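None of the figures in this text is laboratory data; all of them are computed from the coordinates on show. The structure displayed is predicted, hence computed values, not measured ones. Cβ placement follows ideal geometry from the backbone for every residue including glycine, while neighbour counts extend to all protein chains displayed.
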Amino acid sequence: MLEDPANRAGNTHLITTNNARDMVGPIYLPNGILRVDTKQNVSDRSEYTALAASRLQTLGDSNLYLNTDYDLTDGPVPGGVGPVGEKMRLVN
């Protein structure tokens, strides 16, 4: 999923299908909003999904999985995506 970086801010991109459990690759919405409104998990069966978006909204019982099993995909992983340094972690 790709949005032109020249687009105005605030465009909403929707995932509303209940059949998006395999969705491998990047989602690039630098000025956009990704809205997930489903009854099934999204991308939970994917090797990896990378997200760069201005804003993310999940509605109802929606779950968006951002797996990071880059080595399991047969397709190319774009530069800058994947293990490029230390593992990320949340700190207090």
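Looking at segment 18-31 only, could you name the residues that are more than 18 Å from Thr73 (Cβ to Cβ) and out of contact with any Ser or Thr (no Cβ under 6 Å at 6 or more places or on another chain)?
Once the filter is applied, which keeps residues that are more than 18 Å from Thr73 (Cβ to Cβ) and out of contact with any Ser or Thr (no Cβ under 6 Å at 6 or more places or on another chain), segment 18-31 yields Asn19, Leu29, Pro30.
Across segment 24-49, what is the number of residues that are more than 11 Å from the chain's Cα centre (by Cα) and of a type in the set (A, V, I, L, M)?
Total satisfying the criteria: 1.
Table: residues versus (1) within 16 Å of Val81 (Cα to Cα); (2) touching a Gly at 6+ places or on another chain (Cβ under 8 Å).
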position: Arg35; (1), (2): no, no
position: Gln40; (1), (2): no, no
position: Ser43; (1), (2): no, no
position: Glu47; (1), (2): yes, no
position: Ser54; (1), (2): no, yes
position: Thr58; (1), (2): no, no
position: Leu64; (1), (2): no, no
